[in-house]
Amino acid sequence: PLSFNAEEFLSFSEGMKNLDPDAFSLRWYKDMIYGTKNPWGLAAKNSFIIAIFATLGSVILGTVAALGLSSRHMPYKGLIMATLISPMIISGTAIFFFMAKVGLAATHTGIVLAHIILGTPFVVITVTATLSGFDHSVTRAASSLGSDPVNTFMKITLPLILPGVISGGL
């Protein structure tokens, strides 16, 4: 409630207590987004940009990994799954030291890559769970009718696993 204050400082003013409309304002939000002396706007913008790229990278990488792991012809499934899920165990400190060694610490690229590394296991788990109940006879039928793998994926597989992909992305 204090963030909607029209006063110079964040406080619960008498006008707010009396529900006076003039006592309420969005000025602190405007300062956060457009303020020149306030770094919160830049931080929010950076977080939003990093979140978009990290989510897209994690969803793409995790979905491809889950599709590969759901194949019955995939060798070393257990080892690959353990490797993909291991970033959930690795701490942020270890990722920071690695990024520092390769010169990506404190860069947008490094932060995006770190978030992709940490987000991919969640996508792998949710998409793999979705694919466990997937009927592969539908994709085989599409292939037998002349559909190429990309068309089959875009028109059949992706729409059926989309709830798992969206859950992983969230």
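The values are calculated or read from the model by the stated rules, or taken from the named source; none is laboratory data. Only a predicted model underlies this, so the values are computations on that prediction, with no experimental measurement involved. Every residue, glycine among them, receives a Cβ derived from its backbone with ideal geometry; neighbour counts consider all protein chains shown. Accessible surface areas use protein heavy atoms only, side chains included; no ligands, DNA or RNA. Shrake-Rupley method; radii C 1.70, N 1.55, O 1.52, S 1.80 Å.
Restricting to region 82-96, name every residue that is hydrophobic (A, V, I, L, M, F, W, C) and either over 15 Å from SER58 (Cα atoms) or loosely packed, with under 11 Cβ neighbours inside 10 Å (or both). Outline the logic, then answer.
Quick first cut of region 82-96, residues hydrophobic (A, V, I, L, M, F, W, C) only: 82, 84-85, 88-90, 94-96.
Scanning region 82-96 gives ALA82, ILE89, ILE90, ALA94, ILE95, PHE96.
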(message) Give all pairs with beta carbons closer than 9 Å in which a residue from region 22-34 that is without any contact (Cβ under 8 Å) to a residue 60 or more places away in the chain and open to solvent by 70 Å² or more (accessible area, probe 1.4 Å) meets a residue that is assigned to a helix (DSSP H, G or I) and among the small types (Gly, Ala, Ser); count only pairs at least 6 apart in sequence or on separate chains.
(response) ASP22/GLY15; PHE24/GLY15; LEU26/SER3; TYR29/SER3; ILE33/GLY41; ILE33/ALA44; TYR34/GLY41
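Among the residues of region 54-82, how many are more than 18 Å from the chain's Cα centre (by Cα), among the polar types (S, T, N, Q) and assigned to a helix (DSSP H, G or I)?
Step one: filter region 54-82 for residues more than 18 Å from the chain's Cα centre (by Cα), giving 67-82.
Subset that is among the polar types (S, T, N, Q): 70-71.
Filter once more, keeping what is assigned to a helix (DSSP H, G or I): 70.
Adding up the residues that qualify gives 1.
For region 139-148, state whether one or more residues are under 18 Å from GLY68 (Cβ atoms) and either touching an Asp or Glu at 6+ places or on another chain (Cβ under 8 Å) or not β-branched (Val, Ile, Thr) (or both). Explain how you work it out, then say what you get.
Kept after step one, since they are under 18 Å from GLY68 (Cβ atoms), are these residues of region 139-148: 139-140, 143.
Now narrow it down to the ones that are either touching an Asp or Glu at 6+ places or on another chain (Cβ under 8 Å) or not β-branched (Val, Ile, Thr) (or both): 140, 143.
Yes, there is a match, as at least one residue in region 139-148 is under 18 Å from GLY68 (Cβ atoms) and either touching an Asp or Glu at 6+ places or on another chain (Cβ under 8 Å) or not β-branched (Val, Ile, Thr) (or both).
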(message) Anything in region 47-73 that is open to solvent by 30 Å² or more (accessible area, probe 1.4 Å), of a type in the set (S, T, N, Q) and touching a residue at least 12 places away in the same chain (Cβ under 8 Å)? List them, or say none.
(response) THR55, SER70
